[in-house]
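Please read the structure below before turning to the comments.
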Amino acid sequence: ISLTIQRAPLAKIDYCEVFDGETIQPIEQLEGTGVAALAVFFGKTRLIDNHILGEPWNLSP
């Protein structure tokens, strides 16, 4: 993820982490589900996003 963002003009990564989908602990390799959390500056604008990775989650109560 970081390498792709670094190719963008003006992009400066504030943080980029991937977390386990169940434990919410930082991980190096995704197995199953996970969450990508990142913040990136483009000039003076800071963009923040979280994205579910891997298998779809059931969000029903």
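The numbers here are math on the coordinates, done by the rules we state, and not lab data. Just so it is clear, the structure is predicted and the values come from calculations on it, not from any experiment. Every residue, glycine as well, gets a Cβ built from its backbone with ideal geometry; the counts of neighbours run over all protein chains shown.
Numbers at a glance
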quantity: Over the chain, volume per residue of the alpha carbon convex hull, in Å³; calculated: 95 Å³
quantity: Gain in span if fully extended, PHE41 to GLN29, counting 0.36 nm per residue against the direct Cα distance; calculated: 1.8 nm
quantity: Loop-resident sites, the chain, for chymotrypsin sites (Phe, Trp or Tyr not before Pro), counting at most 15 other Cβ within 10 Å (DSSP); calculated: TRP57
quantity: Qualifying GluC sites (Glu not before Pro) for the chain [loop in DSSP, other Cβ within 10 Å: at most 16]; calculated: GLU22, GLU28, GLU31
